[in-house]
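The values are calculated or read from the model by the stated rules, or taken from the named source; none is laboratory data. Quantities reported herein were computed from a predicted structural model and do not represent experimental measurements. Every residue, glycine as well, gets a Cβ built from its backbone with ideal geometry; the counts of neighbours run over all protein chains shown. To get the accessible areas, we keep the full protein, side chains included, count just its heavy atoms, and leave off ligands, DNA and RNA. Shrake-Rupley method; radii C 1.70, N 1.55, O 1.52, S 1.80 Å.
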Amino acid sequence: MYPVSTLDVPLSLRLPKKITKVLHNADIVTVGDLLMVAPRRYYHWGRLTPLSSLREGEDVTILAEVAGAHLVANRSGSGVRLEVSLTDGVQYLSATFFAKSQFKLAPIERLLVPGQSFLFAGKVGAYRGKLQLTHPSFEGVDGEDIERIASRPIPIYPVTGTLTSWAIARAVGMVLDHLDDSDVPDTVPAVIRERQRIGTYAQCLRRLHRPESDEDYQQARRALAFTEAFVLQVGLAAQRRGVRSIPALASPADVPLVDRFIQGLPFTLTDTQRGAVDQIGADLAGEVPMQRLLQGDVGSGKTVVALIAFLQVVAAGHQGAFVAPTEVLAEQHTASLRALLAPLGDDAPDVRLLTGSTTPAARREIAQAMATSAPLIVVGTHALFQESVRFADLALVVVDEQHRFGVEQRASLRGAREDGRGVHELVMTATPIPRTIAMTVFGDLDDTRMGGMPAGRTPVATYLADAANAAWVERTWARAAEEIVQGRRVYVVCPRIDASDEVADAEEEGARPLASVEQVAAYLRSHPALAGVAIHELTGRTPSALKVQIMEDFSAGRAPLLVATTVIEVGVDVSEATLMVILDAQQFGLAQLHQLRGRVGRSSLPSLCIAMHRHELTDAGRARLQAFASTTDGFELAEADLRLRKEGDVLGAGQSGTATHLRFLSVRRDEALIRAAKDEAEALLAEDPTLRSHPDLARTLRQASDGQLEWMQRS
Ligand code: ADP
Ligand code: MG
């Protein structure tokens, strides 16, 4: 196939075979691939240091002439080095380059011709009492304005395969020398580039790799980040438009059944619940398929909002499907929906549970009901939609607690209708997502946020406790005993199951071993303050039948203290639980800590969370714990988490290391950029839905759809 764009030209046509091969192994195949290798950082030539004043350990930039260069075999017998003698006419200094074979050094040797002058930069080291530079960066200066060269930032590339930064810089240079800017396609249309003040793609690439100033590469990075965000947002917007073009079933809002249900509830809806109900209700009343993300903290009451939506649909004679992440949660949902619906008596719609454990007979019967367009709500796991079961009259799918539920999985839910008609979708998450992530990962969804909590809940008081402070530790167990005496329950969470359980220690190496369920339970059983208290252990290794028994004992108060791993993180609901002790809390992520804390404070009883941490903390660990203690607002914590995490960890490991992940866009820093890209993308598609007048963009999207958009669907 003849390349369509100059960026698609294989590197083998531009670079020596050897380099091409190494790059190929790193998945860098085309000119475009190579030019997208972003410099890790930029080096600045320093003020020129005279050779006479060099001192060991200093970073220096010198201007020197090559006096001579010769290859020397290393004494050890492995490898060679190139010894280059540099001079300013008076003093001499040696620069040394090491390599496995002399071939690696040949390009350097060829450049560093005696008699020529270069700028060299690096750290001054000493070898056998003589000062030297090891692997300095260098740049030829013959005839050029030295000050100008010295003011240019030098890109430092990530080491790729066996290629050094320097080798990559040279390869990039060769490719750029041959690049015809007028042949480089622009993914972002000119009007948008102008509005967003970004250069052409070719300009950006040149500024990135050959900046004249810091501003050059900063602008380039911003423009490339915008380009990534823009392609992503056009993809999402196109997806959204596609979905919205297939009408779903309309169910009128404000129906008596819903009113009666709301009036019959044992509580009044909070304002934010009302707001969500109204928004969703309006969506369901129309034929344009709803695509909405409902975010609310753990316990904020999302289930009842979903149920009201189901009622609206059922009242119009249609069907609904409720997708839970696990069978256990599907069962819990079924029970709580039925309980909430009980006051409706005979008018309550059928709620059916369909999971892997449903008997074949029951399964057939439910499938039958689904196929006959009987109004009903089917609760199940995602597996439900991968089977051949089909709804005859599905109007609404609600996906619960699935922030890992991307575009693709949702598409499979839409296929649950026999006739391929549109379906209203509501995705609910209890782990609030920072705005930027919501915009990138769920950019095709409208975002509804339910802040606050139902009345009568007391926020959980959170304390950080240094485990090295014996008084604090003793006070904690005494407090546990006091709670239990008052008939309440206590959780103690540990990062490990037993001594053999290896978990990555997020903090220091060689420190005291992390708390394990087995050891802590044994310790607490022998603790005088807790004498006579029955203590159970719960971990991922506990057999299911025993798990049920343990939770019942805990819930009923027969064993009011539970030592557990994070298995209790989701889904466990014991309203008498008032104390959560997290041991080695530095081990847990912010979202996890918040979820754990959400296990207490589930009634009007005042609750407490004690996050015990090891004495020595990293700065990041300390910042995380302080953020955790400073607020119980999940949205605030989500934003804090985003700030505190490393960029690479934010969107999951899935897309790092692939050729198409986001290289320039930062979901931590680029909120404004993402928002601007989203607006531009939507406006563009409104004007040109098929991208007929933007072939370069259409082409990039097609390429991205098996890379960039795919990771997004999986995240
Ligand atoms: P989540 O948003 O985490 O899914 P749930 O829907 O499970 O939360 O609700 C948690 C608890 O709060 C449930 O027992 C539910 O019945 C109750 N609840 C929901 N809304 C209200 C309200 N407005 N006032 C009081 N309790 C409420
Ligand atoms: Mg829930």
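Below 13 Å, Cα to Cα, which aspartates and glutamates can K123 reach? Residues fewer than 8 away in the same chain don't count.
Qualifying aspartates and glutamates at Cα under 13 Å: E56, E58, D59.
Report ³J(HN,Hα) in whole Hz for each residue of the stretch 52-58, in order, from the Karplus equation J = 6.51 cos²θ - 1.76 cosθ + 1.60 where θ = phi - 60°; Gly and Pro get x.
Karplus values, whole Hz, x for Gly and Pro: 6, 10, 5, 10, 4, x, 8.
I'd like to check one number: the per residue accessible area of the chain, probe 1.4 Å, reported in Å² as a whole number.
Each residue of the chain exposes 45 Å² on average to a 1.4 Å probe.
Below 13 Å, Cα to Cα, which aspartates and glutamates can K547 reach? Residues fewer than 8 away in the same chain don't count.
Candidates past the 8-residue exclusion: E537.
Over the chain, calculate the relative contact order: mean separation of alpha carbon pairs under 8 Å at least 6 apart, over the residue count, as a percent.
12 percent
Does anyone have the angle between helix 165-177 and the longest principal axis of the chain? Alpha-carbon axes, 0 to 90°, nearest 10?
80 degrees
The stretch 237-271: which trypsin sites (Lys or Arg not before Pro) are DSSP loop and have at most 12 other beta-carbon atoms within 10 angstrom?
none
Pull up all non-local amide H partners of F322: gap of 5 or more, or a different chain, and H-to-H distance under 5 Å with H placed in the peptide plane.
For F322, whose amide H was placed from the backbone, the distant partners under 5 Å are V378, V379, G380, V398.
Please give the charge dipole size of the stretch 161-291, origin at the Cα centre, charges +1 on K and R Cβ atoms and -1 on D and E Cβ atoms. Round to the nearest 20 debye.
Using Cβ point charges on Lys, Arg, Asp and Glu, the stretch 161-291 gives about 140 debye.
Hey, what angle do you get for helix 302-315 against the long axis of the chain, alpha-carbon based, 0 to 90 degrees rounded to 10?
Result, in degrees: 60.
So how tilted is helix 619-630 from the main axis of the chain? Cα-based, degrees 0 to 90, rounded to 10.
Taking Cα atoms only, the helix is inclined about 30 degrees.
With a Förster radius of 60 Å, plug the Cβ-Cβ distance of D278 and D180 into 1/(1 + (r/R0)^6) and report the FRET value to the nearest 0.05.
0.60
Step through the residues of the stretch 462-469 one at a time and calculate ³J(HN,Hα) from phi using the Karplus curve (6.51 cos²θ - 1.76 cosθ + 1.60, θ = phi - 60°), rounding each to whole Hz and writing x for Gly and Pro.
Values, residue by residue: 10, 10, 9, 10, 6, 5, 7, 8 Hz.
Roughly how many debye, to the nearest 20, is the charge dipole of the stretch 256-450 about its Cα centre, given +1 on each Lys and Arg Cβ, -1 on each Asp and Glu Cβ, and no other charges?
200 debye
Given a 1.4 angstrom probe, I'd like the percentage of the accessible area of the stretch 461-631 that is carbon and sulfur, rounded to a whole number.
53 percent
Round to the nearest 0.05 the FRET efficiency obtained for V29 and Q102 when R0 = 22 Å and r is the Cβ-Cβ distance.
0.20
Identify the trypsin sites (Lys or Arg not before Pro) of the stretch 49-144 meeting these criteria: DSSP loop state and at most 14 other C-beta atoms within 10 Å of the C-beta.
Taking the stretch 49-144 and a limit of 14 other Cβ atoms within 10 Å, the loop trypsin sites (Lys or Arg not before Pro) found are R55, R75, K100, R128.
Compute, for the chain, the length of the dipole vector about the Cα centre, with Cβ point charges of +1 (Lys, Arg) and -1 (Asp, Glu) only. Units Debye, rounded to 20.
The dipole of the chain has a size of about 1160 debye.
For the stretch 256-450, give the percent of accessible area contributed by carbon and sulfur heavy atoms, probe 1.4 Å, rounded to a whole number.
Carbon and sulfur together cover 51 percent of it.
Ordering E680, E502 from largest to smallest accessible area (1.4 angstrom probe), what's the sequence?
Most to least solvent-accessible, the answer reads E502, E680.
If you take the square roots of the eigenvalues of the alpha-carbon gyration tensor of the chain and sort them as a ≥ b ≥ c, do you get rounded (a/c under 1.5), prolate (a/b over b/c) or oblate?
oblate
What ³J(HN,Hα) values, in whole Hz, does the Karplus curve 6.51 cos²θ - 1.76 cosθ + 1.60 give for the stretch 523-540 when θ = phi - 60°, with x put for Gly and Pro?
4, 5, 5, 9, 7, x, 4, 10, 4, x, 8, 6, 10, 9, 10, 9, 9, x
Could you tell me which residue out of F230, S300, V258 lies farthest along the dipole of the stretch 192-338 toward its positive end? Charges go on the beta carbon: Lys and Arg +1, Asp and Glu -1, centred on the Cα centre.
Projecting each Cα onto the dipole axis, the largest value belongs to F230.
Taking a 27 Å limit on the Cα-Cα distance, which of the listed pairs K17/K100; K17/K130; K18/K130 fall beyond it?
Exceeds cut-off: K17/K130; K18/K130.
Under the rule of at least 5 residues apart or a separate chain, name every residue whose amide H is placed under 5 Å from the amide H of A69.
When sequence neighbours closer than 5 places are left aside, the close amide H contacts are S85.
What spacing in nm lies between the two simple spin-label points modelled at D347 and E58, each 7 Å away from Cα in the Cβ direction?
Here the answer is 8.7 nm between the modelled labels.
Within the accessible area of the stretch 1-67, what % is carbon and sulfur when the probe is 1.4 Å and the other protein chains stay in place?
For the stretch 1-67, the apolar C and S fraction of the accessible surface comes to 53 percent.
Report the gain in length on full extension from E212 to E671: 0.36 nm times residue separation, minus Cα-Cα distance, nm rounded to one decimal.
162.5 nm
Exactly which trypsin sites (Lys or Arg not before Pro) in the stretch 551-639 are in a DSSP loop and have at most 12 other Cβ atoms within 10 Å?
Answer in residue order: R558.
Tell me the accessible surface of S117 in square angstrom (1.4 angstrom probe, heavy atoms of protein chains only), to the nearest ten.
Ignoring ligands and nucleic acids, S117 comes out at about 40 Å².
Search the structure for amide H atoms under 5 Å from the amide H of M290, placed 1.01 Å from N in the peptide plane, and list their residues when 5 or more places away or on another chain.
H424, E425
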